[in-house]
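First the structure, in the form of structure tokens, and then the observations on it.
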Amino acid sequence: MRRKTRQIIVGDVAIGSDAPISIQSMTNTDTADVAATVAQVKKLEAAGCQIVRMAVNSLEDAAALELIQPQIQIPIIADIQFDYRLAVAAAEHGAKGMRINPGNIGAPWKVQEVVRACAHHGISIRVGVNSGSIEQEILDRYHGVNVDSIVASALEETEELEAMGFSDIKVSLKSSDVRQSIESYRAFAKVTDYPLHLGITEAGPPKTGAIRSAVGIGTLLAEGIGDTLRISLTADPVEEIYVAKEILKSLDLYREGISIVSCPTCARTKINLIELVEEAQRRFEGMDYQGKIAIMGCVVNGPGEAREADFGITGGDGKGILFKKGQVVATVPEEELLDTLIRAMEEEARGDGK
């Protein structure tokens, strides 16, 4: 069961309560380079990104938000470190959300200035706690970086904002240690109703980062914890969207687009399955179809193992079969197999295949 939370709004995207779990990423362009940043966001949008975060390192970056937002379809969150003036400027120039760590903003009056600007412009704040940015006093109190110090940091910072009369808050408790992240989110979720932004910070390059993120974020989502997420990969940000969607699809939390299931190869495989799956992925890009597609390795077990798929294909020895919900609906030469599948998907999408 999904954890019950309060709900906040980022632009036109609701986060928390019964809102769908949203997918975020972060640009790696110079934010002040408006053309480059817009171009990257458009790629993220096409991949399925719903919220985009941008580093605001200067007043020029903050001013650029006002030029970028009208050219894109998804809301911008300004990522602020250390300088409260940049947060105020970002709010004034159209940011739809703010990510801060109150602990590194400085004196309470500086945090108050950020809160005042966000409240005035109707902007929500993410309190972003990272294992590497916990205040020294909290580290000393809890004997280093651990679940207790991460949770204490998040609680103290949210309480500081609440004391200033601000409650449009979501929280992240990120660590590069997957188990530590899981346990921190679990502990924090038990004592608050803030919506949670999930992530494993510094997850690494694409393969290892995807695995670490799937284990950490997937575990929490399976327990009903989490309202929005960002996959942190050392890669093109578009890769983050692909991984996020696949994690959500695996838990039936995201139903848009095509979900491919395919079997591992074995001695029964009589078709070049790896090549077939790779070609299918290429040809599925941009298709207007929603559903589960099975690409299986043998005629004997393929349809039965993929009975829940909307469509599927398998083959061998020069022939292939197209099946729907586990039932064989066509037999074709092997070289026509993928074309036959795509035609069936297109007919279904148009309503012709009913």
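The values are calculated or read from the model by the stated rules, or taken from the named source; none is laboratory data. As the structure is a prediction and not an experimental result, all values here were calculated from the model. Counting neighbours? That spans all protein chains shown, and the Cβs are built from the backbone with ideal geometry, glycine included. Just the protein is used for accessible areas: all its heavy atoms, side chains included, with ligands, DNA and RNA removed. Shrake-Rupley method; radii C 1.70, N 1.55, O 1.52, S 1.80 Å.
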Q: Enumerate the aspartates and glutamates that residue 170 could reach by cross-link, defined here as Cα to Cα under 17 Å, with residues fewer than 8 away along the same chain left out.
A: 12, 18, 79, 156, 157, 159, 160, 162, 193, 227
**Q.** In sequence order, calculated HN-Hα J values of segment 286-294 (Karplus, 6.51, -1.76, 1.60; Hz; x Gly/Pro)
**A.** x, 5, 8, 8, 10, x, 9, 10, 9
Q: Starting from the Cα of residue 2, move 7 Å in the Cα-to-Cβ direction to define the label point; list residues of segment 212-254 whose amide nitrogen is under 12 Å from there.
A: 224-228, 253-254
Q: Quick one: angle between helix 206-222 and the longest Cα principal axis of the chain, in degrees between 0 and 90, rounded to 10, please.
A: 80
Q: Starting from the Cα-Cα distance between residue 67 and residue 159, subtract it from 0.36 nm times their residue separation and give me the gain in nm to one decimal.
A: 29.7 nm
Q: Could you order peptides 72-79, 194-201 by the average number of other Cβ atoms within 10 Å of their residues, highest first?
A: 194-201, 72-79
Q: Mind giving me the FRET efficiency for residue 325 and residue 300? R0 is 30 Å, r the Cβ-Cβ distance, nearest 0.05 is fine.
A: 0.95
Q.
Set the bar at 28 Å for Cα to Cα. Now go through 42/325; 96/174; 270/324; 96/207; 174/249; 207/249 and name every pair that lies beyond it.
A. 42/325; 96/207
Q: DSSP loop (so not H, G, I, E, B), at most 16 other Cβ within 10 Å: list which trypsin sites (Lys or Arg not before Pro) in segment 207-267 pass both filters.
A: 255
Q | Overall dimensions of segment 1-58 by Cα: Rg and Dmax, Å | A | 13.9, 43
Q) To the nearest 20 debye, what charge dipole does segment 182-335 have about its Cα centre, counting +1 at the Cβ of each Lys and Arg and -1 at the Cβ of each Asp and Glu? A) 400
**Q.** FRET efficiency estimate (nearest 0.05) - Cβ-Cβ, residue 139 to residue 236, R0 30 angstrom
**A.** 0.30
**Q.** Solvent-accessible ranking of 236, 193, largest area first, probe 1.4 Å
**A.** 236, 193
Q. Suppose R0 equals 45 Å; then what is the FRET efficiency for residue 207 and residue 317 from their Cβ-Cβ distance, rounded to the nearest 0.05?
A. 0.85
Q. How far, in nm, would the chain grow between residue 339 and residue 275 when pulled straight, counting 0.36 nm per residue and subtracting the alpha carbon separation?
A. 21.6 nm
Q. Pairing the Cα long axis of helix 59-68 with the longest principal axis of the chain, what angle in degrees results, from 0 to 90 and rounded to the nearest 10?
A. 40
Q | Linear extension gain, residue 148 paired with residue 17, 0.36 nm per residue minus alpha-carbon span | A | 44.6 nm
(Q) Which GluC sites (Glu not before Pro) in segment 296-354 sit in a loop by DSSP (not H, G, I, E or B) and have at most 11 other Cβ atoms within 10 Å of their own Cβ? (A) 308
(Q) How long are the semi-axes of the equivalent ellipsoid of segment 203-283, taking √(5λ) for every eigenvalue λ of the Cα gyration tensor, in whole Å from largest down? (A) 26, 15, 13
Q) Using alpha carbon centroids, what distance separates segment 164-239 and segment 298-354, in Å? A) 38
